[in-house]
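Written out below as structure tokens is the structure these notes cover.
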Amino acid sequence: MPVGEALFQRFVRRSSDRWLERTIGSPRGLRIVFAQMARMYRPDAAAGWTGDIRYELTGSDGGTRTWTVTCEPASARVRGHAEPDPDLTLKLSLADFIRVAAGELDPAKALLSGRLDLEGDFAIAMRLAAMFGQPSPL
């Protein structure tokens, strides 16, 4: 595991939800997290699929931060707003998103416990980990 990734995991593991929202959940912090996702995108794992994945992240203040990841044939790009008609929408708390990104919260467990809600194409949801360079939970 790269040193930066290990430090990120350690920071997330030791932080409260409130602190994660204030730091990594800031506009700048989310830009960094989503930009890293785009860099890690593996088009071969998308099996020819292209489209939009929307993330609706709810903060403890009740506000929602929405990001869209557009997967294209050769790369992914991110935008800090909602694109219409995404193929998949993931809804979860901001702190849970950060914990999933750090590998501290298993997305399958989050889904089964009601902490993560999926709307749209579940086949894409099953490939998300592999598409973004993570081990598949299945």
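The values are calculated or read from the model by the stated rules, or taken from the named source; none is laboratory data. Values in this document were obtained by computation on a predicted structure and should not be read as measured data. So basically every Cβ, Gly included, is an ideal-geometry build from the backbone, and we count neighbours across all protein chains shown. What goes into the accessible areas is simple: the full protein's heavy atoms, side chains included, and nothing from ligands, DNA or RNA. Shrake-Rupley method; radii C 1.70, N 1.55, O 1.52, S 1.80 Å.
Tabulated data
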| quantity | calculated |
| --- | --- |
| Overall form of the chain per C-alpha gyration tensor (a/c, 1.5; a/b vs b/c) | rounded |
| Accessible surface of the chain, 1.4 Å probe, proportion on carbon and sulfur as whole % | 54 percent |
| Per residue value of the accessible surface for the chain (all protein chains in place, 1.4 Å probe), Å² | 56 Å² |
| The chain: most fluctuating residue of F97, F34, F122 per GNM, C-alpha cutoff 10 Å | F122 |
| Bridge type composition, the chain - antiparallel percent by DSSP, nearest 5 | 75 percent |
| Stokes-Einstein translational diffusion, the stretch 1-75 - Kirkwood Rh over all Cα pairs, 1.306 mPa s, 10 °C, in µm²/s | 113 µm²/s |
| 222 nm mean residue ellipticity, helices alone, for the chain (DSSP H n ≥ 4; -39,500 (n - 2.57); rounded to 500) | -11500 deg cm²/dmol |
| Shape call, the stretch 39-103: gyration tensor on alpha carbons, a/c limit 1.5 | prolate |
| Separation in nanometres of the label points that stand 7 Å from Cα toward Cβ, at K109 and A35 | 3.1 nm |
